[in-house]
Each structure stands twice: as structure tokens, then as C-alpha cells.
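The structure under discussion appears below in the form of C-alpha cells.
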Amino acid sequence: MVRRYELSDAAFALVAELLPANGRRGGQWQDHRTVLNGIFWMLHAGAQWRELPERYGKWQTVYWRYNRWRRDGTIDRMLERLHLTLDADGRIDVDLWCIDATQIRGSRAAAGARRTAGKKRPRRA
């Protein structure tokens, strides 16, 4: 059974060849699929790394692998592969645009208003 936000066999097969090989001498890497599932859990949950469920392995392993793959472009290559596959299947709507309309209130000075220099506020009694 595949849990929510975890890779199915078909999804993992799309990106498996983009991941580094695990055949060198010394300590062997933890299973890439388990680590990817841990990364997806973290991205979904927005939790602290130390809160990663044990089924994904040590949080440090998932954290360092995520950072390494992000820096060396592995994650970018995986996203590109998935994007091209979805586009070839006609599952991407190129006419859809999403804009974030989050608003944060700023001070009047942030909008260009002048600050009153040297003017003190009256003391409260």
C-alpha cells in the first residue's frame, strides 16, 4: 500500500535512473525511494526535520540527501523529467496561471510617507 505523498512503483521508475548509483565500497546509502518519500513528507508537513517519522529513516540522512540533491541539480532533473512526461501525456494545462494574492500590511513609512523627525509623542498620564 502506498501512503499519501509517497511514490508509487510507476512514479519511482520515472526518476530512478536519475539518482546516484549505490555500489561503492564502504557504507551503502539508504534506499533512495525511502529518502524521497521522507523528503515529500517534509515538504508536505512543513515540520521540523527532527519530527520526520522513523519509517523514513534517520532525519539527518533525509536532510543531507535533500540538500545534496538540491545543490547538484538532481531534484531539478527529476522535476524536469516529470514535467516532460506530464506534458507528453497532455496532463499539464499551459493556459493555467496561478498568482499568490497574499497581502501583508506595511507601515505608512514603508509606502513612502515621511516620518516626522524630532517630533515626540505626548506622554501618557
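The values are calculated or read from the model by the stated rules, or taken from the named source; none is laboratory data. Treat the numbers as computed from the prediction; the structure is a model and nothing was measured. Quick reminder, even Gly has a Cβ in these numbers, built from the backbone with ideal geometry, and neighbours come from all protein chains shown. Side chains are part of the model used for accessible areas, which takes the heavy atoms of the whole protein and leaves out ligands, DNA and RNA. Shrake-Rupley method; radii C 1.70, N 1.55, O 1.52, S 1.80 Å.
With respect to Asp93, determine if the residue is in a loop (DSSP other than H, G, I, E, B), within 30 Å of Arg33 (Cα to Cα), modelled with pLDDT under 90 and among the acidic types (Asp, Glu).
When the stated conditions are applied, Asp93 passes them.
Return the residues of segment 14-34 that are touching a Gly at 6+ places or on another chain (Cβ under 7 Å) and outside any loop (DSSP other than H, G, I, E, B); say none if nothing qualifies.
Thr34
Could you tell me how many of the residues in segment 25-60 are open to solvent by 70 Å² or more (accessible area, probe 1.4 Å) and either touching a Lys or Arg at 6+ places or on another chain (Cβ under 6 Å) or over 18 Å from Val15 (Cβ atoms) (or both)?
10
Using the structure shown, decide if Thr85 is part of a helix (DSSP H, G or I), of a type in the set (Val, Ile, Thr), more than 18 Å from Asp31 (Cα to Cα) and out of contact with any Gly (no Cβ under 7 Å at 6 or more places or on another chain).
For Thr85, the condition - part of a helix (DSSP H, G or I), of a type in the set (Val, Ile, Thr), more than 18 Å from Asp31 (Cα to Cα) and out of contact with any Gly (no Cβ under 7 Å at 6 or more places or on another chain) - is met.
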